[in-house]
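Below is one structure, written out as structure tokens; comments come after it.
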Amino acid sequence: MDDLPGYKKALRVIQVQDEDLEQGDISNLKRVFERIVRVPKHAKLLRGNVAITFPKYDNDPKAIYLLDDVRRYIQLVDAEFPYFLYFLELAPELEQTFLWTTCLLPVTHVEQHENKVLIGLDSVALVILLVERIHAIEMFCEQILDESTSIIDSILKVQSEEVAVQVIRYLKLLDYLENE
Amino acid sequence: MNDRYRLPPLREGIKGEINWFGWMLTVNFPDMSGQFEEKQRSHLESQVPRDYLDFSTTITHEGIHFIQALTASYIYRSACRLWHGVQEVIQKVRLFPSDAVITLPLQIESSIGSMLNQMRTKSRNLSTPDVPGVSPLDVIEGATVFITHRMHLENMNNLGYLQRIKEQYSVGNLRTYSDAYRLAEWYLGDDIFDIFSVICFLALCSQEPGQMFCRYVRAIGRSGILHDHKRLTVQEIIDSGIAFGVTELRTTVQEIDTSGLWHPILFPYVKKVVENLPDRFNFVEFAARPYECDDVKIFRLIRPPLLRFEGKVGNIAPDLPDFFSDGPASSQKTTDKDNANLIVTLMAICGAVLAMLWPDEYYMQCPHTNCPYYGLRLCYAYAPVPPSYQECGFIERFESVFERSLSTVQLRKEE
């Protein structure tokens, strides 16, 4: 299977079942990923190759990151796998980083502007969240012997410059404190 | 060696071995020496009889150990330390009164035991649920099995190799042939296939190969270099290591230049090989991936000094270096017979020293159970077994080196 052209690049789409979403049940996803994260080479095969979708809302025009059951589901996955961004395809056009971070933070305001929804997030909370998740990814990469810099770059690339600078500053401080 | 002397097989179950003192390669198969050179690099297993494949891969396996000794400092240094350990024991035995009875095991301090233990001690820098760590011996044997497979089965891939080592090397002591690969594969996946022997070679150029192997696996994994670039050169892997603080590597040549360590067999070989390598030949790249070399002349240049087949007299490599020219006692003119004699004597005496320190642990290939010294088992490493024990050359060699009669050596009786 590994020999198939493009095998490692193929995107794995996790379609969360309606029932799991409604009941806030992450056991199906948890069972699969618990097995994967135990074996470094398997985890690496999924690095940046996963997208999470919710078929229940495929034809719903609403912004899914504002929906309670989606937010709850992401929060539960994040609580179990704080480094889950390691697996997500972080290309900006797929908006996986945006989905993930938005679901984990309180939305301060929502504004409907023509066909777009504009939301407000607490920037301090966003910085803290990113620092924590990036730190979790670094720890996970250390454990499975993988490189984390390019993932961190991808996560920060879609943030505002101000947020990115602050996150980097905190990460350096954290690194300094851990090495002391 | 004398043509009248026959060579009995090795212990049952052993396909081949290379002696770390005299570096003589012994193969436990019916004589196939005539077929060897034509078919050494057979590519398709299905076209080759099973016996021949086993025979051929065994020679390759043991021959790889010899390449390792000539290229990677850890093995060269270990061989030198073993040699010095043997000399220390000989010196101590000589200090005993010549007519005093010596009982075995010898009650003297020797560095040999701790050295051999160290080779088997696993570094636990990295582990998996199945592999608790990696020892220097795991690196040596892991690399050798891997290189041998790649030389003989060119179309093999990571999955094929994993399947083979699972079938052949997954139980008990045999795991030393596969633990290093399985550990690296656990972390790096099938990307390890193109760099495994390089990491092993670099680890064997260090003081602590088990630990260094783990450090390279960690460095390469953490660098992420394999995400975009699968087939790394030796230099790229060295650079990845440097970025993670891995330095202090030495090839055998660098070890000799730096420390001046001398070994009676390996030193002249290293000199001969270096002098005869083609211009611009990348010896380090070769040492790290010998399976990529198609130049038969290179393999001929670095084949072990003696090949021995069951039931056949020793086959001396046609271009033995002059072992006496650089040694402490150089002679005027040296023949192949002198050189072969040196190897045989060295192996016999070093083997005797080990048997004096740890009696009863050695397989006796000699059938002459009526020999008065048979029970001592000191001669187990003496290669040419004579037609009768009265014609045996071991006793003379022993007495000349230890400066005492073999009859003064006794085994302590078990109480």
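Return the total of residues in the range A:138-171 being within 13 Å of another protein chain (Cβ to nearest Cβ), among the aliphatic types (A, V, I, L, M) and under 22 Å from residue A:103 (Cα atoms). Step through it out loud before you land on a result.
Our first condition is that a residue be within 13 Å of another protein chain (Cβ to nearest Cβ); within the range A:138-171, this holds for A:138-154.
From the residues that got through so far, the ones that are among the aliphatic types (A, V, I, L, M) too are A:139, A:144-145, A:151-152.
Subsequent filtering for residues that are under 22 Å from residue A:103 (Cα atoms) retains A:151-152.
So the answer is 2.
Taking residue A:50, is it out of contact with any Gly (no Cβ under 7 Å at 6 or more places or on another chain), closer than 15 Å to residue A:96 by Cα and open to solvent by 70 Å² or more (accessible area, probe 1.4 Å)? Quick ask: steps written out before the conclusion?
Details: out of contact with any Gly (no Cβ under 7 Å at 6 or more places or on another chain): yes; closer than 15 Å to residue A:96 by Cα: yes; open to solvent by 70 Å² or more (accessible area, probe 1.4 Å): no.
Criteria not met by residue A:50.
Just checking, how many residues over the range A:7-49 are over 17 Å from residue A:78 (Cβ atoms), at pLDDT 95 or above and of a type in the set (Val, Ile, Thr)?
Qualifying residue count for the region: 1.
Residues in the range B:157-171 that are among the hydrophobic types (A, V, I, L, M, F, W, C) and either outside any helix (DSSP H, G or I) or more than 14 Å from chain A (Cβ to nearest Cβ) (or both): how many? Quick ask: steps written out before the conclusion?
Taking the range B:157-171 first, the residues among the hydrophobic types (A, V, I, L, M, F, W, C) are B:159, B:162, B:165, B:171.
Within this subset, residues satisfying the condition of being either outside any helix (DSSP H, G or I) or more than 14 Å from chain A (Cβ to nearest Cβ) (or both) are B:165, B:171.
Number of matching residues: 2.
Residues of the range B:184-217 being aromatic (Phe, Trp, Tyr) and free of Cβ contacts under 8 Å to residues at least 60 places away in the same chain, which ones?
So the first thing to find is which residues in the range B:184-217 are aromatic (Phe, Trp, Tyr), and the list is B:186-187, B:193, B:196, B:201, B:213, B:216.
Scanning the range B:184-217 gives B:186, B:193, B:196, B:216.
Within the group B:153, B:162, which residue is surrounded by fewer than 24 Cβ atoms within 10 Å (Cβ to Cβ), without any contact (Cβ under 8 Å) to a residue 40 or more places away in the chain and touching a helix residue (DSSP H, G or I) at 6+ places or on another chain (Cβ under 8 Å)?
Testing whether each residue is surrounded by fewer than 24 Cβ atoms within 10 Å (Cβ to Cβ), without any contact (Cβ under 8 Å) to a residue 40 or more places away in the chain and touching a helix residue (DSSP H, G or I) at 6+ places or on another chain (Cβ under 8 Å) leaves just B:162.
Looking at the range B:261-291 only, could you name the residues that are acidic (Asp, Glu) and either surrounded by 13 or more Cβ atoms within 10 Å (Cβ to Cβ) or touching a residue at least 60 places away in the same chain (Cβ under 8 Å) (or both)? I'd like the intermediate steps shown before the answer.
Restricting attention to the range B:261-291, the residues satisfying the condition of being acidic (Asp, Glu) are B:275, B:279, B:285.
Matches in the range B:261-291: B:285 only.
Identify the single condition in (1) open to solvent by less than 10 Å² (accessible area, probe 1.4 Å); (2) of a type in the set (Phe, Trp, Tyr); (3) at pLDDT below 90 that residue B:21 does not satisfy, given that it satisfies every other one.
Unmet for residue B:21, out of (1) open to solvent by less than 10 Å² (accessible area, probe 1.4 Å); (2) of a type in the set (Phe, Trp, Tyr); (3) at pLDDT below 90: (1).
Answer yes or no: is there a residue in the range A:7-14 that is out of contact with any Pro (no Cβ under 6 Å at 6 or more places or on another chain), under 26 Å from residue A:140 (Cα atoms), open to solvent by 70 Å² or more (accessible area, probe 1.4 Å) and within 14 Å of chain B (Cβ to nearest Cβ).
There is at least one residue in the range A:7-14 that is out of contact with any Pro (no Cβ under 6 Å at 6 or more places or on another chain), under 26 Å from residue A:140 (Cα atoms), open to solvent by 70 Å² or more (accessible area, probe 1.4 Å) and within 14 Å of chain B (Cβ to nearest Cβ).
Specify the residue that is farthest from residue A:15 (Cα to Cα); the eligible residues are those in the range A:38-84 that are touching a residue at least 12 places away in the same chain (Cβ under 8 Å) and within 13 Å of another protein chain (Cβ to nearest Cβ).
A:40
Among the listed residues B:89, B:145, B:131, which satisfies the condition of being assigned to a helix (DSSP H, G or I) and more than 17 Å from residue B:69 (Cβ to Cβ)? Steps first, please.
Working: B:145 fails: more than 17 Å from residue B:69 (Cβ to Cβ); B:131 fails: assigned to a helix (DSSP H, G or I).
Only one candidate passes the filter, namely B:89.
If only one of B:99, B:138 is under 19 Å from residue B:197 (Cα atoms), away from chain A (no Cβ under 14 Å) and touching a residue at least 24 places away in the same chain (Cβ under 8 Å), which one is it? Reasoning before the result, please.
Values: B:99 fails: under 19 Å from residue B:197 (Cα atoms).
Answer to the selection: B:138.
Which of the helices (runs of 4 or more DSSP H) found entirely inside the range B:172-260 contain at least 3 residues meeting this: open to solvent by less than 10 Å² (accessible area, probe 1.4 Å) and away from every other protein chain (no Cβ under 14 Å)? Explain how you work it out, then say what you get.
Numbers: elements: B:179-188, B:196-203, B:209-223, B:234-243, B:252-259.
In the range B:172-260, B:196-203 are the helices (runs of 4 or more DSSP H) which contain 3 or more residues that are open to solvent by less than 10 Å² (accessible area, probe 1.4 Å) and away from every other protein chain (no Cβ under 14 Å).
Evaluate the range A:107-122: report whether one residue or more is in a helix (DSSP H, G or I), away from every other protein chain (no Cβ under 14 Å), open to solvent by 20 Å² or more (accessible area, probe 1.4 Å) and in contact with a strand residue (DSSP E or B) (Cβ under 9 Å, 6 or more places away or on another chain). Steps first, answer last, please.
At the first step, the residues of the range A:107-122 found to be in a helix (DSSP H, G or I) are none.
The answer is no, given that none of the residues of the range A:107-122 is in a helix (DSSP H, G or I), away from every other protein chain (no Cβ under 14 Å), open to solvent by 20 Å² or more (accessible area, probe 1.4 Å) and in contact with a strand residue (DSSP E or B) (Cβ under 9 Å, 6 or more places away or on another chain).
Can you tell me which of (1) in contact with a His (Cβ under 9 Å, 6 or more places away or on another chain); (2) open to solvent by less than 20 Å² (accessible area, probe 1.4 Å); (3) within 14 Å of chain A (Cβ to nearest Cβ) is the one residue B:145 doesn't meet?
(3)
Just one of the numbered conditions (1) modelled with pLDDT of 90 or more; (2) buried (at least 21 other Cβ atoms within 10 Å of the Cβ) is not true of residue B:302; which one?
The one condition residue B:302 does not meet is (1).
Quick one: would you say residue A:158 is under 13 Å from residue A:85 (Cβ atoms), touching a Ser or Thr at 6+ places or on another chain (Cβ under 8 Å) and not polar (S, T, N, Q)? Don't jump to the end; show me each part of the working.
Numbers: under 13 Å from residue A:85 (Cβ atoms): yes; touching a Ser or Thr at 6+ places or on another chain (Cβ under 8 Å): yes; not polar (S, T, N, Q): yes.
It is true that residue A:158 is under 13 Å from residue A:85 (Cβ atoms), touching a Ser or Thr at 6+ places or on another chain (Cβ under 8 Å) and not polar (S, T, N, Q).
The values are calculated or read from the model by the stated rules, or taken from the named source; none is laboratory data. These numbers were taken from a predicted model, which means no experiment stands behind them. In this analysis, Cβ positions are derived from the backbone assuming ideal geometry, glycine residues included, and neighbour counts consider all displayed protein chains. For the accessible areas, the whole protein counts, side chains as well, though only heavy atoms, and no ligand, DNA or RNA atoms are used. Shrake-Rupley method; radii C 1.70, N 1.55, O 1.52, S 1.80 Å.
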